[in-house]
1. When you scan the stretch 364-385, how many residues do you find that are open to solvent by 10 Å² or more (accessible area, probe 1.4 Å), in a helix (DSSP H, G or I) and under 19 Å from LYS338 (Cα atoms)?
2. With respect to GLU546, is the statement that it is under 14 Å from ALA596 (Cα atoms), under 50 Å from the mean Cα position of the chain (by Cα), part of a helix (DSSP H, G or I) and not polar (S, T, N, Q) true?
3. Tell me, yes or no, whether the stretch 227-242 has at least one residue that is buried (at least 18 other Cβ atoms within 10 Å of the Cβ) and not in a helix (DSSP H, G or I).
4. Got a number for residues in the stretch 612-637 being of a type outside the set (Lys, Arg) and without any contact (Cβ under 8 Å) to a residue 24 or more places away in the chain?
5. Which condition number does ALA645 fail, the rest of (1) part of a helix (DSSP H, G or I); (2) within 50 Å of the chain's Cα centre (by Cα); (3) surrounded by fewer than 17 Cβ atoms within 10 Å (Cβ to Cβ) being met?
6. When you look at ASN421, is it in a helix (DSSP H, G or I), open to solvent by 30 Å² or more (accessible area, probe 1.4 Å), closer than 14 Å to ALA514 by Cα and without any contact (Cβ under 8 Å) to a residue 60 or more places away in the chain, yes or no?
7. Which pairs do you get when a residue that is under 15 Å from LEU623 (Cβ atoms) and open to solvent by 20 Å² or more (accessible area, probe 1.4 Å), found in the stretch 572-601, comes within reach of a residue that is of a type in the set (Phe, Trp, Tyr) and outside any helix (DSSP H, G or I), reach meaning Cβ atoms under 8 angstrom, with the pair 6+ apart or on two chains?
8. Select from the stretch 39-62 the residues that are under 26 Å from HIS111 (Cβ atoms) and in contact with a Leu (Cβ under 7 Å, 6 or more places away or on another chain) and write down the one among them that is modelled with the highest pLDDT.
Amino acid sequence: MSEHAGEISMTFGELQAIDQEDIIIVVDVDSALQISKECLASEPAKTPEVLSLWLNKLLRAYLDEAICCFNAFKEMCEWFQVMVADSSKICTDHNTIVADSLKFLADYKDHLLRMGERLVHGAAFFLFNVVKGVLQESEDSDLNPTAVDLHLDVLTLLKDVTAGSRRAHARITALVQQMNEITGFLSSRIAHLQAYIKTSELMTYISLHFIRCDNEDGKHDTDMPQWLKETILHLCDTVLNHLETIYKKDILVVPVGKVEEFLKVTRTYLLRLHEIFKAGVNQVDSTVSETLLELLMSGATKLSHDLGRDIPLLLATYIKPYVMQVYELIYSIEDFQKYFISCLLDPEPPDQDYFDLCMDCIAAVSTDTAEITPNTSRFLQKIFEYLFKDAANFVHPKHYERVIDAFGTFLYLGDNQGMVNYFCHGLFEKDIIVSQVCVDILMLLFRLKEDNKCWNTNTIDDAIRFWNKCNNAYAVFSQNPSQWHVQRFLKYFHSLGKKGLPPFTTQNFRYLTAVCCSDAKIGMKLLKRLEIISSAVPTEIEIYYEVVALLELLAQQNGTDCSKWFQQAFEMSKELLSREKCTVFASAYFNLLTRANQASQLLILQGLSSVNGCPNWHRQKFLHTCKTNADSQLRAFAVRHSLEADFQPILTAMLKKPDPLSASNQSWQGLSKSSYARERKHTCPEHSLKRKRTETKPKQIILDLYESSLQLGQCRLTTFDANDRSYLDKVVANLTSILSRH
C-alpha cells in the first residue's frame, strides 16, 4: 500500500469523477483497487460499473505512465467471475464488459507488449475469462460475435509476446487451459470454425516455440510440461471428434459434399501434432499415451454407415497417411511403448483386438530411417508375442499373411541383427506355431535379400555353414519339427549357391536329407547301394544306420521304383521289423513303403505281422492308407491290423480335403495354446533309450577325406579366397603331423 492510501479517503463515486489525466496524480493503483473492493463489498451490483471504469479509464491512465497493473488484472478477473456466477442469464452488462474489453485491447495492445510478458499474461488471463464467461452464458443460443472477436485479438497479443520469450513460465499452463476450454464452446458452431482453428494454431505455436527454446538451451524436463500435455490432448481430441462425426453418426453433421473439405481441416490438426512430436517430445504420461493410442486406432475404424461411397477413399487420402506419420514419431518414446505393452498384456475390455494397431506399428518402424534401439526391439518382440499368444492369427489366412509380410519387410528394411537373431532363436521354440511363424518370416527376409542382390558367394557359404552346423546338432534320425525348418533353410542356401551334392556317407546323411532333390540318376545310385548292403540282416551298427539313411533318402526320390528291392529284402526287412529296438528302420521302411506301388504294398501287407500297441507313426499311416484304399485286396489284408486310437483323428484329418477358411468364419477365435500344445512330455521307454553315438572309425575318415579331396580337385582355384587357403594350409599341416607320428 502506498503512502497515498493512508492520506486519501475517497468514495467510488469520487473516483469515477476524476479525469483520466489526473488519476495518476490523485490515486495510485493499489489505492484504486482498495476503493473498488470496498465499493463491491457494500454494493455487489456495481461490479459491471467497476469493471467498466477500470477498462475505460483507470487501466488506461496507469498504462500511459507505464505503471504495472498485474494485480489489477487479477482482481478484475475475480470480480468478473463473481458477476457471471451471480447472473442467471446473459445481460447487457456482459455485453458491455466484452465491448469495453475489446476496445481496451485494441487501444492498449502496444502498451501491454512494451511492459513485458508478465503483464501481458495477466491481461490475457482476464480477457480470456471474459470471453469464456460470455460464451458459456450464450451456449444455448448464438455465440456473442464480439466475444469471439475479443478472443481472436487476445490470441494475437499472446502470439506477439511469446515470440520474444525464451522460457515457459508457469502462467503459460493456465492460459493454454483457458484456450482449450474456449475451443469447447467454439466447436459447437460451424460459423466459428476459423476461431477454433486459430486457437489451435496458437496453442501449437506456443508449444513448438518453447520446445525449440529448451532444445537450443539444452534443457530437458524429466516430466512432460502441463502446457504441452494440454496442447497434445486438444489436438488429439479434435481429430477424434471429427472422425467420430464421420465414423459413427447415422446422420452426418457435415453434408456429404463437404466431407472432403472437413477432412482437410482434420488433417491440419494431425500435421500440427506431427510437428510437435518432430520438434523433440521424449516423454508422455499415461493420459497422453491413452489418447494417442485411441487416435492411432481410429485409422483402422470401420464406418458404421454407407452415407457416402467416397468416404473410405477420402479417409485413406486425408487421415490414414498422416496418422501413420504421427505413429512414426511416437513409437520410439519409451513411455508410450510401456503403455502400449500394458494394453496388450491386459486389454480393456478383455476382447479388445489390437491386431491392426500392431500392424501399423511394425509398418511405422519399417519406414522410419532412424536406428532401431534396444527398447524398440523389445517393444516389437512383445508385439510379436501378443500376435501369437494363441493360434488365432496363425489360422486366419489374411492376418497370417499380413504378419509375415510386416515382420519380413521390417527385418529387410531395418537391417537389425538383434531382431534377426530373435527370430532365429524363435525357430527352435517348443511352441510349434511360433517356430513356424519365425521360419516364414526369416524365409521372406532371405528371399527379399535375394531379389535385391544382397547375397554374394561369401555370405551364402557362411549361411550354409551356419545352418549345416545347426542341422548336425540333431540326432541322425531326429524327428524334431525344428530340424525340418533348419533343413528348409539349408536347402534354400544350397540351391542359391548352386552347390553340388557331397558324396553319400552316413556323416553326410543329414546334409543330403536337406538338399537332395528328386533325380532319377541319384535315385538309382542310392537304390544300387541299398541292394548291395541289405542282402542280409545287418550285423554291424554302421551298416544298419546306412540302410536306414538310404531308405530315408529314397523316400524323397519319387521317380525311383523300389518294388524289386522290397521283394528281395522281404525276409531281411521282416526280421528287423520284428525287433522292438529297430524303430528308426521301421519308420524309414514304412515311410518308403507308403510311396511304393500297390503290388509292393500288397506283398508286404500279406506277410506283415499284426502288432498291438505299435506307436510307430509311419506304420500307422501306411495301414490307414491301405484301409481307405480303393483296392479291395489292400483293404482286406489291412482289416486284420488295428489302428491306435490316438492316431485315428489326425490320420482321418490328413486324408480329408480341408475346407478353405472364409473371412466370416470365426472358429479360430478360441484357439489357445492348450488347443495345440503337447500336454505331456514325451519320454522314451527304458529299453529304447537312444544309444550314445559311436566314434567314426579312422578308416572311414580316411575314405571320406580321399573322396572329398577328389571333389575339391574339380573346383576352380579362382573360387578360393584367403580364408579358404588358410583352411587348406591347416588341413595339410594336420595331415603332415599325423604322418610324421607314424
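1. So in the stretch 364-385, the residues open to solvent by 10 Å² or more (accessible area, probe 1.4 Å) come out as 366-375, 377-378, 381-382, 385.
Cutting the leftovers down to in a helix (DSSP H, G or I) gives us 366-367, 374-375, 377-378, 381-382, 385.
When the remaining residues are screened for being under 19 Å from LYS338 (Cα atoms), the result is 374-375, 377-378, 381-382, 385.
Matching residues across the stretch 364-385 total 7.
2. Values: under 14 Å from ALA596 (Cα atoms): no; under 50 Å from the mean Cα position of the chain (by Cα): yes; part of a helix (DSSP H, G or I): yes; not polar (S, T, N, Q): yes.
Taking the combined requirement at face value, the residue does not satisfy it.
3. Among the residues of the stretch 227-242, not one is buried (at least 18 other Cβ atoms within 10 Å of the Cβ) and not in a helix (DSSP H, G or I), which makes the answer no.
4. Start the filter on the stretch 612-637 by keeping residues that are of a type outside the set (Lys, Arg), which leaves 612-618, 620, 622-626, 628-634, 636-637.
Remaining after also requiring without any contact (Cβ under 8 Å) to a residue 24 or more places away in the chain: 623, 630, 632, 636.
The qualifying residues number 4.
5. (1)
6. On the way: in a helix (DSSP H, G or I): yes; open to solvent by 30 Å² or more (accessible area, probe 1.4 Å): yes; closer than 14 Å to ALA514 by Cα: no; without any contact (Cβ under 8 Å) to a residue 60 or more places away in the chain: yes.
Here the answer is no, as ASN421 does not meet what is asked.
7. Qualifying pairs under 8 Å: SER587/PHE477.
8. VAL50
The values are calculated or read from the model by the stated rules, or taken from the named source; none is laboratory data. A quick note: this is a predicted structure, and the numbers were derived from the prediction, not measured. Every residue, glycine among them, receives a Cβ derived from its backbone with ideal geometry; neighbour counts consider all protein chains shown. Surface areas here come from the heavy atoms of the whole protein model, side chains and all, with no ligands, DNA or RNA. Shrake-Rupley method; radii C 1.70, N 1.55, O 1.52, S 1.80 Å.
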